[in-house]
Amino acid sequence: QVQLVESGGGLVQEGGSLRLSCAARVRVFSTYAVAWFRQAPGKEREFVAAIRWSGGSTYGTSSVEGRFTISRDNAKNTVYLQMNSLKPEDTAVYYCAATARTDRILVLTGYDYWGQGTQVTVSS
């Protein structure tokens, strides 16, 4: 079993930055791929970014390219999402998710473990 706890959300003005953290309680975190998803009110949960277990490969959706960076510290069992140049349309609940799979890591159904989410609100 994997327990994931997100933190770092909050209220920020447009153009500002936040860093989200996803702390994992698992025996061997380094074998899991981890992703961030987000869900805005009235919308479906969508993929934001993912990172493979080794940290060598990362992926991001086009809407956050150049603004968001995903990284991980396996020694701390933590994955980060650095969010810069935030826009009001980035407002959502952000969830981290983990999977032991090596495929389908860009889609919601590819993940077995989910955190409770952290709210990010960007004001204009």
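If you plug the beta carbon distance of residue 119 and residue 84 into 1/(1 + (r/R0)^6) with R0 = 22 Å, you get a FRET efficiency near 0.75. Each residue, residue 52 and residue 69, gets one label point 7 Å from its Cα in the Cβ direction; the gap between the two is 2.0 nm. Each Lys and Arg Cβ is given +1 and each Asp and Glu Cβ -1; about its Cα centre, the chain then shows a dipole of about 340 debye. Normalised by the number of residues in the range 69-119, the mean separation of alpha-carbon contacts (under 8 Å, six or more apart) gives a relative contact order of 29 percent.
Between 35, 51, 2, the Cα set farthest toward the positive side of the dipole of the range 1-51 (charges on each charged residue's Cβ, about the Cα centre) is that of 2.
Rolling a 1.4 Å probe over the protein heavy atoms gives the chain an accessible area of 53 Å² per residue.
Rounded to the nearest Hz, the phi-derived 3J(HN,Hα) couplings of the range 8-14 under the Karplus curve 6.51 cos²θ - 1.76 cosθ + 1.60 (θ = phi - 60°) are x, x, x, 9, 9, 7, 3, where x marks glycine and proline. Note on the range 3-29 and the range 33-96: Cα centroid distance 9 Å, given to the nearest whole angstrom. Packing here is the average count of other Cβ atoms within 10 Å per residue, and on that basis the peptides 76-85, 16-25, highest first, run 76-85, 16-25. Peptides 103-110, 40-47, ordered by how many other C-beta atoms sit within 10 Å of their residues on average, highest first, read 103-110, 40-47. In this calculation the C-beta distance from residue 19 to residue 108 is compared with R0 = 30 Å, giving a FRET efficiency of 0.85.
The values are calculated or read from the model by the stated rules, or taken from the named source; none is laboratory data. Model, not experiment: these values are computed from the prediction. Note: ideal-geometry Cβ built from the backbone for every residue, glycine included; neighbour counts use all protein chains shown. Calculation scope for accessible area: heavy atoms of the full protein, side chains included, ligands and nucleic acids excluded. Shrake-Rupley method; radii C 1.70, N 1.55, O 1.52, S 1.80 Å.
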